[in-house]
Amino acid sequence: MAQLESLDVTASGPTAFYLMELARYRAAARAQAYAELQEMSKAMVEEKGLLNYAQAALLLDVSTKRLSELVRLKKLKPFDFLGRRYVSMREVGQRYQQDLKAGRPGRGVGKRAVASIRAALKTDSAQAKLGGYAGPYVRAEVRANKERNREELRKIWQTITGKRKK
């Protein structure tokens, strides 16, 4: 957009050239955003979902500042999409399972459940477009389960029809 700001706009309104450049810029920005959205979808499948910092901090019971520090210390891998930062659901889950004792004292089951619900409610717009923090991953799992079930049913059907033919 910096290139567009340097173009002259007359007192009567923007020039046709300016409007054409603006349209090209917007089309390029849309294409780039769509490509990033596709990359985000792939990453969500590979990482079993992506969490924004607020969601991950709630699940790990740390502040967002501490979560930034964990990313900086390379304890968690960051993912940057559409101008926002995310962390891997898989890595957060592993760290959650470690149940590290440093820092705050441990939480009970009820508090962990409340934190999970709050994290789900903090889904941002980019995540929501893809079906939530684990949308593509869940869809991929459902597809794989359906395919496995179809194969099992085919085998059963073949054994049934094979026995009837004899």
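The values are calculated or read from the model by the stated rules, or taken from the named source; none is laboratory data. Predicted, not measured: the structure shown is a model, and the values here were computed from it. Note that we place each Cβ from the backbone using ideal geometry, even for glycine, and neighbour counts take in every protein chain shown.
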Q) Which one is modelled with the highest pLDDT among residues in the stretch 134-166 that are under 21 Å from Leu51 (Cα atoms) and of a type in the set (A, V, I, L, M, F, W, C)? A) Val142
**Q.** Of the criteria (1) under 27 Å from Ile117 (Cβ atoms); (2) in contact (Cβ under 8 Å) with a residue 12 or more places away in the chain; (3) touching a Phe, Trp or Tyr at 6+ places or on another chain (Cβ under 9 Å), which one Asp80 fails
**A.** (2)
**Q.** Lone unmet requirement of (1) modelled with pLDDT under 85; (2) not in a helix (DSSP H, G or I) for Ala115
**A.** (2)
